[in-house]
1. Looking at region A:6-35 only, could you name the residues that are under 23 Å from A:Lys234 (Cα atoms), in contact with a Lys or Arg (Cβ under 6 Å, 6 or more places away or on another chain) and of a type in the set (Ser, Thr, Tyr)?
2. Of all the residues that make up region B:133-150, how many are under 24 Å from B:Lys230 (Cβ atoms) and assigned to a helix (DSSP H, G or I)?
3. Which of the helices (runs of 4 or more DSSP H) found entirely inside region B:162-273 contain at least 1 residues meeting this: within 14 Å of another protein chain (Cβ to nearest Cβ) and under 30 Å from A:Phe160 (Cβ atoms)?
4. Among the residues of region A:155-162, are any more than 10 Å from chain B (Cβ to nearest Cβ) and either hydroxyl-bearing (Ser, Thr, Tyr) or part of a helix (DSSP H, G or I) (or both)?
5. Starting from residues that are over 29 Å from the mean Cα position of the chain (by Cα) and outside any helix (DSSP H, G or I), keep the ones in region B:116-132 and report whichever is farthest from the other protein chains (Cβ to nearest Cβ).
6. Just to be sure before I move on: is A:Tyr128 in contact with a helix residue (DSSP H, G or I) (Cβ under 8 Å, 6 or more places away or on another chain), closer than 21 Å to A:Ile81 by Cα and free of Cβ contacts under 8 Å to residues at least 12 places away in the same chain in the structure I sent?
7. Would you check if there is a residue in region A:49-59 being in contact (Cβ under 8 Å) with a residue 24 or more places away in the chain, within 13 Å of another protein chain (Cβ to nearest Cβ), surrounded by 14 or more Cβ atoms within 10 Å (Cβ to Cβ) and within 26 Å of A:Leu183 (Cα to Cα)?
8. In region B:136-143, is there at least one residue being within 14 Å of another protein chain (Cβ to nearest Cβ), more than 30 Å from B:Ser15 (Cβ to Cβ) and at pLDDT below 90?
Amino acid sequence: MLRAENITAGYGKNIILKDITFSIDKGERFVVLGESGCGKSTLMKAIIGLNPPMEGKAFFKGEEIVYPMPENSDFYKKIGILYQSSALLNSLTLEENVMLPITMHYPDFSVPLAKDMANEKLAMVNLYPHRTKFPQELSGGMKKRGALARALVMDPDIIFFDEPQAGLDPVTARDLDQLFIKLNEQLGTTYFIVTHELLSIRRTAQKVLMLSDKKVLFCGTYEEAQKSDAYKVKRFFNVDKYD
Amino acid sequence: MTKIQIPAGITIENSEKILKELNAQIKGTESAELDLTDVTLNSITKALVRKLHETHGEKIKLEETLQKEIYYQDEEPEVDESEKKKEPALENLGEKLLGLWDVIYFFCVIMVDMIFYSFESLYNRKFILKDDTTKNAYYIGYKAISIVFLLAFLIGFTIALQAAIQLAKMGGQGYIAMMITVIMTTELGPLITAIIIAGRTGSSIAAEIGTMVVMEEVDALKTMGIKPLKFLLVPKFWAFTLVMPILTLIADIAGIGGGLIVASAYNIPFGAFLSQMIDSLAFSDIFWGTVKSISFAWIILAVGSFKGLSVRGGADAVGRATTESVVVSIFLVVAIDAVFSILLYT
């Protein structure tokens with residue numbers, strides 16, 4: 001579904017990541033993890049073209065992604081993104097926010113149909129009764145679910161999640177994880193999740209990519225990561241046992 | 001070795017007094033061991049112990065386990081001197097000029113894109129929300145009418161009054177109508193409106209877009225395949241283009257109204273004021289006043305958007321962008337007004 005080859009990324013002259021290579025299969029829940037500041041979000045932003053890679057290539061469904069991404073790139077019609085801050089537009093209601101990708105990409109598309117599609121996704125994330133509310137009237141967890149509905153509305157092949165649990169209490173974070181898993185199983189959408197929340201990783205990860213010192217420290221299944229002999233990997237998964 | 005008891009309950013308020021007492025006690029000894037058994041090791045206590053150590057040096061002894069807790073690593077990591085490359089002054093200047101060029105280039109890109117997308121939107125409505133232009137026109141125009149009217153009226157009144165006092169000395173108070181009409185339609189109407197709108201709407205545009213950048217909403221628009229400049233600026237562009245001439249006209253009328261009050265105080269009949277006003281109204285003045293007001297509107301919108309999109313960081317950066325957008329907008333408006341004056345009236 002998604003393959004990255006020797007991606008080098010950073011900001012200005014500052015290189016954050018070097019020679020990052022990985023691949024994600026269809027329907028897989030792929031988790032990028034590592035300590036704060038190791039470049040997880042930078043990797044995500046490089047792949048989706050917000051901060052294009054300095055070197056390397058990425059392939060989506062076998063086709064090379066062209067960087068810098070043209071503004072009207074079809075790639076954006078096939079992906080969904082859930083941002084750390086939810087990034088719902090405050091001037092629009094929840095329903096309008098979820099409809100936005102459809103109405104923007106297909107201005108001539110029937111509005112009632114677009115509304116219906118948005119409401120179906122809002123019902124999926126249990127927000128249908130709140131569809132007329134504005135983002136500022138919603139809690140953090142509701143905003144995240146609303147953003148998930150928006151990410152899902154165009155039935156994307158892959159969804160990128162940037163720290164989805166940030167700022168949420170443990171119960172809401174667990175509920176959100178369960179929702180992610182349910183939708184992943186139901187829709188077969190591939191997930192690219194950036195997080196350092198251990199509990200969330202345990203619940204959602206099928207394959208993990210661990211970053212450290214600008215490089216890939218580990219890439220494999222979650223079970224393999226648990227058995228890894230690499231010190232930093234062991235320390236990450238068993239943080240209480242190490243100083 | 002004398003044992004010095006560090007008292008419990010050291011606070012920021014009593015610390016200086018205790019430090020003096022402890023210094024005095026330690027001075028009278030050859031070597032001293034600090035006893036911290038009854039003490040809570042809060043930050044002021046630790047700082048006080050470190051201060052004692054700094055003052056008396058090796059004279060003070062402290063248990064090894066406590067030392068680890070009290071002292072912290074305060075050495076700067078060694079930096080390889082060869083890596084510390086000194087930038088020559090000329091390169092520094094060059095870098096700053098390049099930075100300035102980037103700013104000007106980015107501003108021009110926004111200005112050109114804004115105008116291009118706005119005219120393109122006349123036949124391609126993609127990325128434009130329905131009713132967004134109307135909502136913006138309501139906020140930018142309708143909501144600003146009262147403040148524009150009031151300020152223009154007061155400025156018109158004040159200028160007419162000052163002018164009338166001087167003109168009356170030469171018996172020329174009859175020219176108030178002509179003077180205030182010309183001054184409001186050619187200069188002050190567009191200028192006052194632009195300054196009010198720069199402070200009121202330009203700043204809110206910078207804050208709105210800046211907050212959207214901080215909250216990743218602009219990134220979200222990009223990754224939904226939406227052109228952020230078109231989505232955000234086109235409705236505002238048409239709203240500005242539509243309402244600025246109307247607001248300017250209102251400012252002209254209000255300013256002339258202020259002059260009318262002064263004229264009536266100088267016993268100039270309403271009919272005479274009106275006929276002099278009509279005589280001095282030139283179509284070219286109104287036309288160029290409208291052209292100016294539209295160009296001011298575009299500048300205010302471009303500066304507000306540019307400052308908003310340049311925000312990096314958090315809430316403080318949004319605040320700075322808001323202030324800078326007002327300052328830069330007003331400066332550019334006044335500068336462009338001066339250029340118009342040179343081109344039109346010299």
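The values are calculated or read from the model by the stated rules, or taken from the named source; none is laboratory data. Predicted model only: the values in this text are computed from it and were never measured. Because the Cβ atoms are built from the backbone with ideal geometry, glycine has one as well, and the counts that use them run over all protein chains shown.
1. Across region A:6-35, the qualifying residue is only A:Ser23.
2. So the answer is 8.
3. Result: B:203-214, B:217-223, B:228-265.
4. So far as region A:155-162 goes, no, none of its residues is more than 10 Å from chain B (Cβ to nearest Cβ) and either hydroxyl-bearing (Ser, Thr, Tyr) or part of a helix (DSSP H, G or I) (or both).
5. My answer is B:Leu122.
6. Spelling it out, A:Tyr128 is indeed in contact with a helix residue (DSSP H, G or I) (Cβ under 8 Å, 6 or more places away or on another chain), closer than 21 Å to A:Ile81 by Cα and free of Cβ contacts under 8 Å to residues at least 12 places away in the same chain.
7. There is at least one residue in region A:49-59 that is in contact (Cβ under 8 Å) with a residue 24 or more places away in the chain, within 13 Å of another protein chain (Cβ to nearest Cβ), surrounded by 14 or more Cβ atoms within 10 Å (Cβ to Cβ) and within 26 Å of A:Leu183 (Cα to Cα).
8. no
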